[in-house]
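The values are calculated or read from the model by the stated rules, or taken from the named source; none is laboratory data. The structure presented is a predicted model; accordingly, all values stated were derived computationally and were not measured. Cβ placement follows ideal geometry from the backbone for every residue including glycine, while neighbour counts extend to all protein chains displayed. For accessibility, only protein heavy atoms count, side chains too; no ligands or nucleic acids. Shrake-Rupley method; radii C 1.70, N 1.55, O 1.52, S 1.80 Å.
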Amino acid sequence: RWGLVMSVVMWDVETTGLNPDSAAMTVGCVLPLDAAEPETFHSGVGKEMTAATATEMLERLEAADTVVTFNGAAFDFKFLAAATDADRVAAVAKKSIDLLLCAAAATGYVGGQPGAWPRAMPSRTPVGDRARARAAGTFRR
């Protein structure tokens, strides 16, 4: 046994639109991998999430060692930053894994424009390096 215990959560939000400047979060769910039920954060059915509720959700994400998202880098974190403290959200984003970026890198998918994904990926990560190599046709296993 390694003796390591990590807190990993899956996280997703639903919104009233696509742009945090003109839309708001309505519900957020945090699912710890060791739990049977997700923790749900909302301010009433069909209502926009209040800043207090968004901050409570952020605190739950801060308590986790790793946050797993799907398109969180391009979407969910922007909404959370608009509703709470952007610096605190940035710290959570640094300990996150975005499954959309992982899938894009693993499959070589670069989106609608040639090279779109690799340019958007962080420059000093193995995932970003592999995606850029695939797009350039220089990837070797």
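Taking residue 60 and the conditions (1) buried (at least 20 other Cβ atoms within 10 Å of the Cβ); (2) touching a Phe, Trp or Tyr at 6+ places or on another chain (Cβ under 9 Å), which numbered condition does it fall short on, given that it satisfies the others?
Of the numbered conditions (1) buried (at least 20 other Cβ atoms within 10 Å of the Cβ); (2) touching a Phe, Trp or Tyr at 6+ places or on another chain (Cβ under 9 Å), the odd one out for residue 60 is (1).
Of all residues in the stretch 75-96, which are in contact (Cβ under 8 Å) with a residue 24 or more places away in the chain, surrounded by fewer than 16 Cβ atoms within 10 Å (Cβ to Cβ) and not charged (D, E, K, R)?
Matches in the stretch 75-96: 91 only.
Checking residue 47 against (1) surrounded by 12 or more Cβ atoms within 10 Å (Cβ to Cβ); (2) not in a loop (DSSP other than H, G, I, E, B), which single condition isn't satisfied?
(2)
Please find, within the stretch 50-71, the residue that is nearest to residue 87 (Cα to Cα) out of those that are assigned to a helix (DSSP H, G or I) and polar (S, T, N, Q).
Only one residue tops the list, namely 55.
Just the residues that are in a loop (DSSP other than H, G, I, E, B), out of contact with any Cys (no Cβ under 6 Å at 6 or more places or on another chain) and open to solvent by less than 70 Å² (accessible area, probe 1.4 Å), please, taken from the stretch 20-44.
20, 23, 24, 35, 43, 44
Going residue by residue through the stretch 117-125, is there one that turns out to be closer than 15 Å to residue 10 by Cα and either modelled with pLDDT under 95 or not basic (Lys, Arg) (or both)?
Checked against the condition, which is being closer than 15 Å to residue 10 by Cα and either modelled with pLDDT under 95 or not basic (Lys, Arg) (or both), the stretch 117-125 yields no hits at all.
Can you tell me how many residues in the stretch 63-74 are surrounded by fewer than 18 Cβ atoms within 10 Å (Cβ to Cβ), without any contact (Cβ under 8 Å) to a residue 60 or more places away in the chain and out of contact with any helix residue (DSSP H, G or I) (no Cβ under 6 Å at 6 or more places or on another chain)?
3
Examine the stretch 97-109 for a residue that is open to solvent by 40 Å² or more (accessible area, probe 1.4 Å) and at positive phi, and state whether such a residue exists.
Checking the stretch 97-109: not a single residue is open to solvent by 40 Å² or more (accessible area, probe 1.4 Å) and at positive phi.
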